[in-house]
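What follows is one structure encoded as structure tokens, with my remarks underneath.
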Protein chains: 2
Amino acid sequence: MSADNEAEAQEKLIDLAAQFYDQFDRGEIPEMSVPTRTKSNIVFDEDEDVWVYGERESTRSANSVRGARKLLKAIYTIDFLSEQLEEDRSSTLRELYYLSESWDVNEAQFSSQDESNQLVEDLEIVSEVTREDFHMRPEESGATIMGPLYLREQTRRGEREIHCQKDVGEGGYQIPNNPDTIEFLDNDADFVLCVETGGMRDRLVENGFDEKYNTIIVHLKGQPARATRRITKRLQDELDLPVTVFTDGDPWSYRIFGSVAYGSIKSAHLSEYLATPEAQFIGIQPEDIVEYDLPTDPLSDSDINALESELEDPRFQTDYWEEQIEIQLDIEKKSEQQSLASHGLDFVTETYLPERLEAMGVL
Amino acid sequence: MSADNEAEAQEKLIDLAAQFYDQFDRGEIPEMSVPTRTKSNIVFDEDEDVWVYGERESTRSANSVRGARKLLKAIYTIDFLSEQLEEDRSSTLRELYYLSESWDVNEAQFSSQDESNQLVEDLEIVSEVTREDFHMRPEESGATIMGPLYLREQTRRGEREIHCQKDVGEGGYQIPNNPDTIEFLDNDADFVLCVETGGMRDRLVENGFDEKYNTIIVHLKGQPARATRRITKRLQDELDLPVTVFTDGDPWSYRIFGSVAYGSIKSAHLSEYLATPEAQFIGIQPEDIVEYDLPTDPLSDSDINALESELEDPRFQTDYWEEQIEIQLDIEKKSEQQSLASHGLDFVTETYLPERLEAMGVL
């Protein structure tokens, strides 16, 4: 699986360089077109339920010194990435930036990391290959998994077969930077529960929730890394497991749900690869704050602004979200996941989650 | 080992409650003394090379309503912690705060999480039991280990024996919240290398540095969590391995080294448990920036202030650190770990680290 991706990624990169060559050969000025990556060129694809780029394009052309330099940098980067794939190596975005200092042509060197980051994103979009398949690693690490899932990870030290309950410590299985090196071998899971905070993840593991309810617990660690979103999507697609998302009850956490379910504006070109539109929100719902009489904090002005902008966001324009957001604006309160402990340490696993999962039709 | 700690922790907590009882019984007003926890009452213990509290004490006495309430909260918390240990359960600081809402006496409830956090720290100091032995978990998770280390972790699902190279994926072994549940079974390691950033940790693992140099790579993930510092100290003490620390070359990273080596002001009561005074700094040293001609950023005003305050810090008052900090103030530049990539992706593992380790006498 992995080797195919590499060969394909390399081929697409070389195609791109060949395209510049052909343009030169035909006496044309080389150029490369990419979708305009601004907020105004992002549209919500109602059929697929995810964000995608619109039809506006920008062209990087060698008809100016600035444009020519951009294409030169692209060619050096393609050369580096192609060699990296050939040697089955990988690197971080920051290393690429520093590495450019060793290139023989000064004008191909990046002047800032923003520039190299953006170029890699452009190459992702144009070649339709993900950064992971270029073997570019993120700086941030993926999170952890605990649950009845048996998998095989292809590492550069050979294959590792790991059961995500029996072969790991309490910390769980650490998701690698590129989860497409994982093959799912077997599972006894009924559903996936993505959890925002470490404190709640640890509570569920301590209470044995994953064992009792055959749950794959994925720790999101706040706004989830790409690796975490990718493996969540694969659990849904390949194992046909319902995916549920459990966060704090505030507008920032609804955005975490949104990025799992619908993708983010920043990586709209990857929605198909990263987003899980079937994901369902468990809570904390604003109505739970009332129903379970949870300890709360008052909404701040920025919370209220964020809720109001969610009401305008196509991802949240459903009857369900409109009702919940209206409730929250009305009660002017928010609650954290861990506030469920006000009813005792077992309330979340013995009462709250089973009730919610039943109401959602997952149990 | 773990069961002993639990019994001892419970005993010490009950002793504390018994002390209040005896004070009542003798017709005295109950009170509890703790070291004053302000910066002015922190001293550097030159013999042990770590921070400890000085001799000033504050007394929480029931001779005022406010003081009586503090002791009431302490007693409820002791009761909760003692029961938690009895049942072999655990909880987070945030859960304790929310849980207090379920207590039958309103006046025992915490009014803020700062208050419950501080009480737990007071109990740590007075009882000389660590928060981990109370089974209070942090919110933040520990980092990961990769290297020739075979260990046994006591989980609540039974024992897990894990080799931190052969039984883990590329993400490594996830350090549990309380690393004292780990027993070291065997190792082929020559030294420990603690690494600040994820990008560098991944570079070392990809290049097989842990295999070639028999290195236990501990990812610090920026300012390290208590669990990460604790396991580092145990690797030094129990396995007698030299500990080296590899960070960015800026004043904030020297503080990361300082917290590994000498402890932090916030947890000065735990220096003996968390600090590794034998730890050595590998770099990036200011002199490396010059010697290896690394890409740099200019020092900001806050960088300069931080360097100047390090010159006043007893932990950094050695010839070595004074020289390095003077060099940095002189060249007015800083460099990141990953800037070593400007000499190629293998430079760090084939040239820089071997040279530094040899100069330090570790290799």
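Odds and ends about this structure:
- Between B:L307, B:L345, the distinction of being surrounded by 19 or more Cβ atoms within 10 Å (Cβ to Cβ), under 23 Å from B:K221 (Cα atoms), in contact with a helix residue (DSSP H, G or I) (Cβ under 8 Å, 6 or more places away or on another chain) and modelled with pLDDT under 95 belongs to B:L345 only.
- Yes/no for A:K73 being over 23 Å from the mean Cα position of the chain (by Cα) and in contact (Cβ under 8 Å) with a residue 40 or more places away in the chain: yes
- Options A:I162, A:I145; residue that is at the interface with another protein chain (Cβ under 8 Å from one of its Cβ atoms) and more than 27 Å from A:Y98 (Cα to Cα): A:I162
- Single condition A:L294 does not satisfy, out of (1) within 14 Å of chain B (Cβ to nearest Cβ); (2) surrounded by fewer than 20 Cβ atoms within 10 Å (Cβ to Cβ): (2)
- Options B:F134, B:F184; residue that is more than 10 Å from chain A (Cβ to nearest Cβ), more than 22 Å from B:Q236 (Cβ to Cβ), among the aromatic types (F, W, Y) and touching a residue at least 24 places away in the same chain (Cβ under 8 Å): B:F134
- Test: residue in the range A:34-42 that is farther than 30 Å from A:E278 by Cβ and either touching a Pro at 6+ places or on another chain (Cβ under 9 Å) or buried (at least 16 other Cβ atoms within 10 Å of the Cβ) (or both): no
Yes/no matrix, rows are residues, columns are (1) outside the structural domain of A:D15 (by TED's automatic domain parsing); (2) of a type in the set (K, R); (3) at pLDDT 90 or above; (4) touching a strand residue (DSSP E or B) at 6+ places or on another chain (Cβ under 6 Å):
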site: A:Y98; (1), (2), (3), (4): no, no, yes, no
site: A:Q109; (1), (2), (3), (4): no, no, yes, no
site: A:R131; (1), (2), (3), (4): no, yes, no, no
site: A:Y150; (1), (2), (3), (4): yes, no, yes, yes
site: A:E153; (1), (2), (3), (4): yes, no, yes, yes
site: A:Y173; (1), (2), (3), (4): yes, no, yes, yes
site: A:D180; (1), (2), (3), (4): yes, no, yes, no
site: A:N187; (1), (2), (3), (4): yes, no, yes, yes
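- Here A:Q324 meets the list (1) within 23 Å of B:Y98 (Cβ to Cβ); (2) modelled with pLDDT under 95 almost entirely, failing just condition (2).
- Selection from the range A:170-201 of residues that are more than 22 Å from the chain's Cα centre (by Cα) and buried (at least 24 other Cβ atoms within 10 Å of the Cβ): none
- Index of the failed condition, A:A189 passing every other in (1) aliphatic (A, V, I, L, M); (2) within 12 Å of another protein chain (Cβ to nearest Cβ); (3) in a loop (DSSP other than H, G, I, E, B): (2)
- Restricting attention to the range B:192-207, the residues that are assigned to a loop (DSSP other than H, G, I, E, B) and either more than 8 Å from every other protein chain (Cβ to nearest Cβ) or touching a Phe, Trp or Tyr at 6+ places or on another chain (Cβ under 8 Å) (or both) add up to 2.
- There is at least one residue in the range B:315-331 that is surrounded by fewer than 16 Cβ atoms within 10 Å (Cβ to Cβ), among the aromatic types (F, W, Y) and closer than 26 Å to B:F191 by Cα.
- Positions within the range B:32-59 being under 15 Å from B:I125 (Cβ atoms) and either of a type in the set (D, E, K, R) or not assigned by TED's automatic domain parsing to the domain that holds B:L119 (or both), in sequence order: B:R37, B:E55, B:R56, B:E57
- Being part of a loop (DSSP other than H, G, I, E, B), in contact (Cβ under 8 Å) with a residue 24 or more places away in the chain and within 14 Å of chain B (Cβ to nearest Cβ) is a description that applies to A:G222.
Residues are listed down the side, and each one gets a yes or a no for (1) part of a helix (DSSP H, G or I); (2) assigned by TED's automatic domain parsing to the domain that holds B:R160; (3) at pLDDT below 95:
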| position | (1), (2), (3) |
| --- | --- |
| B:P176 | no, yes, yes |
| B:F184 | no, yes, no |
| B:K233 | yes, yes, no |
| B:T244 | no, yes, no |
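- Flag if A:E170 is over 20 Å from A:S91 (Cβ atoms) and more than 7 Å from chain B (Cβ to nearest Cβ): no
- Selected residue (only one of B:L345, B:L329 is without any contact (Cβ under 8 Å) to a residue 60 or more places away in the chain, of a type in the set (A, V, I, L, M) and assigned by TED's automatic domain parsing to the domain that holds B:Y213): B:L329
The values are calculated or read from the model by the stated rules, or taken from the named source; none is laboratory data. Being a predicted model, the structure only gives us computed values, none of them experimental. Neighbour counts run over all protein chains shown; Cβ positions are idealised from the backbone, glycine included.
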